[in-house]
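Scroll down for the structure; my scribbles are underneath it.
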Amino acid sequence: MKRFGLALAFLSLFFAYGCSKAYYSTMESMGYDKREILSDRVENARESQKDAKEQFASALEQFKSVVNFDGGKLQEVYEDLNGEYEDCKDQADDVKSRIDSVEDVADALFEEWNDEIKLYTNATLRRSSQQKLAATKRKYNVLIKAMRNAEKKMYPVLNAFHDQVLYLKHNLNAKAVAALEGELTSIRSNVDTLIKEMDKSIAEADAFIKTLE
């Protein structure tokens, strides 16, 4: 994995400016096939979701502290809450990017696998490979559905955080803080739902990675 990580770092600029097909061809010439790349990207997406789960939980705690505000500088309260929101937004963008990269290599892998099945002259081996491809696709579809479901759950929370941060910015007074309390229950519920979906997605990632080992 360390060797693979170094290769990915070495090719990061190439990936940024080149197309995926050329990237995968270059990686394969260095001894890294699409299955290995897929496994690595699923791991990265899983870790990104773990980070997102922690960040959204942290933001919820910050929001609770704002609701319980009992004196001090409201500008600092706003800046702290806005910082948590911006961190959540950045983490959500990273999660989406990681999932997109999983889909990209999975599509390439399955296309290549399907094309190579046609090259078999032995019917038994061809049938076995077709069955393995179908099984891998089924497991992958469960994984990507869980990942996308978790991703979608981030946006209602982000929108709610953004609205509250913006409202506090425009009304830096105790009444504005009191008004945020009414949204706490809804935001807490959305964060709880998000964390549950993240946990499901992380578990599916773990299970899928094992099928590729």
query: Of the residues ALA135, ALA178, ALA207, ALA203, which is touching a Ser or Thr at 6+ places or on another chain (Cβ under 9 Å), in a helix (DSSP H, G or I) and among the hydrophobic types (A, V, I, L, M, F, W, C)?
result: ALA135
Residue check for ASP100: touching a residue at least 24 places away in the same chain (Cβ under 8 Å) and either not in a helix (DSSP H, G or I) or not aromatic (Phe, Trp, Tyr) (or both): no
- request: Could you please let me know if GLU79 is more than 22 Å from the chain's Cα centre (by Cα) and of a type in the set (D, E, K, R)?
  value: yes
task: May I ask you to verify whether VAL165 is over 23 Å from LEU74 (Cβ atoms), modelled with pLDDT under 95 and either open to solvent by 70 Å² or more (accessible area, probe 1.4 Å) or aliphatic (A, V, I, L, M) (or both)?
output: no
Checking ALA179 against (1) more than 30 Å from LEU38 (Cβ to Cβ); (2) modelled with pLDDT of 85 or more; (3) open to solvent by less than 60 Å² (accessible area, probe 1.4 Å), the condition it does not meet: (2)
- prompt: assigned to a helix (DSSP H, G or I), closer than 16 Å to MET198 by Cβ and at pLDDT 95 or above, is that true of ARG127?
  reply: no
- request: Residue by residue through the stretch 190-202, note down the ones that are open to solvent by less than 60 Å² (accessible area, probe 1.4 Å) and either over 30 Å from ARG41 (Cβ atoms) or in contact (Cβ under 8 Å) with a residue 40 or more places away in the chain (or both).
  value: VAL191, THR193, LEU194, ILE195, GLU197, MET198, SER201, ILE202
All positions within the stretch 158-175 that are more than 17 Å from GLN91 (Cα to Cα) and in contact (Cβ under 8 Å) with a residue 40 or more places away in the chain: GLN164, VAL165, LEU168, LYS169, LEU172, ASN173, ALA174
- request: Would you check which residues across the stretch 137-153 are out of contact with any Asp or Glu (no Cβ under 7 Å at 6 or more places or on another chain) and either at pLDDT below 95 or open to solvent by 20 Å² or more (accessible area, probe 1.4 Å) (or both) and list them?
  value: LYS137, ARG138, LYS139, ASN141, LYS145, ARG148, LYS152
task: Test each condition in (1) modelled with pLDDT under 95; (2) under 20 Å from the mean Cα position of the chain (by Cα); (3) of a type outside the set (S, T, N, Q); (4) open to solvent by 60 Å² or more (accessible area, probe 1.4 Å) for ALA160 and report the one that comes out false.
output: (4)
query: TYR120 passes all but one of (1) surrounded by fewer than 18 Cβ atoms within 10 Å (Cβ to Cβ); (2) in a helix (DSSP H, G or I); which number fails?
result: (2)
- prompt: Can you list the helices (runs of 4 or more DSSP H) found entirely within the stretch 1-81 that contain at least 3 residues being open to solvent by less than 70 Å² (accessible area, probe 1.4 Å) and modelled with pLDDT of 80 or more?
  reply: 20-29, 34-67
message: Quick check on ALA134: is it farther than 23 Å from GLU213 by Cα and open to solvent by less than 50 Å² (accessible area, probe 1.4 Å)?
response: no
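The values are calculated or read from the model by the stated rules, or taken from the named source; none is laboratory data. Quantities reported herein were computed from a predicted structural model and do not represent experimental measurements. Neighbour counts are summed over all protein chains in view; Cβ atoms, including those assigned to glycine, are modelled from backbone coordinates with ideal geometry. The protein model used for the area step is the full one, side chains on, heavy atoms only, and it has no ligands, DNA or RNA in it. Shrake-Rupley method; radii C 1.70, N 1.55, O 1.52, S 1.80 Å.
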